[in-house]
Amino acid sequence: MTNKIPLKIRFLSSFSLLIAVVLIFLLLFFVYTIWDILFYILLGALIIGFLYRLIHQERGIVLMESDAPKLFNMVNSVSKSLGMNSPKKIILTPSSSIGVAGIWERKLLIGMGVLHMLTEKEIYSILFHEFAHFKGADNVIGSSMMLTTMSLRDIVTATSYLHFIVFLPFLIFYYIFASLTLLYSRQREYLADYIASSFVGGMIFGESLENYVKVSVEFDSKIDFIIRHYASQNLALKNIYDAYRKVGFTGFNEQFEANVTKNVKNALEKSSILSTHPSTSSRIKRVKEIKGSLSHLPKGRTSDLFTNFEKQEIEMTDLVYSKIVKKK
């Protein structure tokens with residue numbers, strides 16, 4: 001499996017992580033040599049920012065096995081294939097993202113927004129990618145680096161109110177550090193793609209990834225508009241996902257549809273040194289020739305993984321509206 005992962009990906013992953021960690025220690029050491037009080041302020045700001053974002057993660061509902069027995073079987077199958085334990089929690093979220101989290105315990109996050117448009121085979125393929133992140137401890141190392149990067153961004157924002165002699169060095173350091181951590185993040189995506197493809201096959205994983213990205217971007221682009229459209233009529237939706245699926249929704253104008261199409265195209269084709277993920281097209285191109293070791297893949301609709309799919313959608317809809325009310 002791992003012999004298919006190019007040396008360049010492994011090198012860039014390890015190198016960028018090492019340099020980023022060294023830079024943080026050098027920053028703290030340099031600040032300490034200037035003024036120890038400033039060192040404690042900086043260290044405190046980093047820790048507080050880190051913990052704040054760690055605690056304030058996206059809300060969701062922890063699934064019980066009785067809610068989705070087939071999904072739990074699928075998760076256990078992927079875990080077993082990778083020779084690891086299943087995550088402690090499977091959390092259903094209102095969003096469109098599927099990902100991993102949890103520094104102290106492994107959590108699998110599954111966004112309700114994409115489930116209605118993906119097949120069991122596609123979910124299975126994406127899960128192999130996400131569990132490869134678990135295997136590589138990205139839920140710990142990668143998450144920690146990204147939380148540190150965001151904390152640094154907050155510090156840079158705070159120093160922008162001070163003299164430019166203070167602000168400019170922090171700004172330069174932030175961009176260097178962010179470039180390294182995001183380079184690390186992109187290499188970990190490539191690595192997880194290779195591992196997933198070694199099980200399900202590069203062609204199947206590539207097709208699953210492309211469809212997942214398209215569905216996710218389209219959902220994110222449209223769902224807020226739909227909610228606002230009905231809210232303008234003093235209506236609250238019972239099931240936002242059902243409203244999204246309805247072919248008869250005609251609230252989008254041509255410009256809006258064009259922007260959605262542009263967003264999808266950008267997600268598939270574009271990336272930069274400040275992107276967390278490589279372009280989807282480059283990811284698919286790298287793995288398309290890989291042959292998978294699994295001969296039998298799941299068939300069926302994703303909704304069949306749940307005991308009562310509509311009930312889960314309604315619960316996620318209630319969660320969305322509770323967040324809106326809370327913001328107000």
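Every number here is computed from the coordinates shown, using simple stated rules; none is lab data. Everything quoted here is computed from the prediction, not taken from an experiment. Methodologically, a virtual Cβ is constructed for each residue, glycine included, from the backbone with ideal geometry; neighbour enumeration extends over all protein chains shown.
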In degrees between 0 and 90, to the nearest 10, how far off the longest principal axis of the chain does helix 309-327 point, with axes built from Cα atoms? 40
Rounded to the nearest 10, the angle in degrees between the Cα long axis of helix 120-135 and the longest principal axis of the Cα atoms of the chain comes to 20
Row for segment 129-181, column shape: gyration tensor on C-alpha, a ≥ b ≥ c, rounded if a/c < 1.5 i.e. under 1.5, prolate if a/b over b/c, else oblate; value prolate
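Just how large is the dipole of segment 2-321 about the Cα centre, in debye to the nearest 20, putting +1 at every Lys and Arg Cβ and -1 at every Asp and Glu Cβ? It would help to have the intermediate numbers written out before the result.
Details: 33 positive and 27 negative charges, 161 e Å.
About 780 debye.
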Out of the trypsin sites (Lys or Arg not before Pro) in segment 196-253, which ones are loop residues according to DSSP with at most 16 other C-beta atoms within 10 Å? Lys238, Lys246
Under the rule that an exposed site lies in a DSSP loop and has at most 16 other Cβ atoms within 10 Å, name the longest stretch of the chain with no chymotrypsin sites (Phe, Trp or Tyr not before Pro) of that kind, not counting the sites themselves. 162-248
Nearest-20 debye value, segment 183-328 charge dipole, Cβ charges on Lys, Arg, Asp, Glu: 300
Check the straight Cα-Cα distances from Lys285 and name the lysines below 28 Å, setting aside those fewer than 8 residues away within the same chain. Lys4, Lys8, Lys80, Lys121, Lys135, Lys214, Lys262, Lys265, Lys270, Lys299
From a point 7 Å beyond the Cα of Lys8 in the direction of its Cβ, which residues of segment 270-295 have a backbone N at a distance under 17 Å? 271-273, 278-290
Which of Asn76, Gly201, Tyr212 sits closest to the plus end of the dipole of the chain, meaning its Cα is farthest towards the positive end, when Lys and Arg get +1 and Asp and Glu get -1 on the C-beta? Gly201
Selection of GluC sites (Glu not before Pro), segment 55-151, meeting DSSP coil and at most 11 other Cβ within 10 Å: Glu105
The rounded separation in angstrom of the Cα centers of segment 118-197 and segment 263-294 is 16
Which residues does a label at Glu269 reach in segment 281-299, if reach means a backbone N under 17 Å from a point 7 Å past the Cα toward the Cβ? 281-285
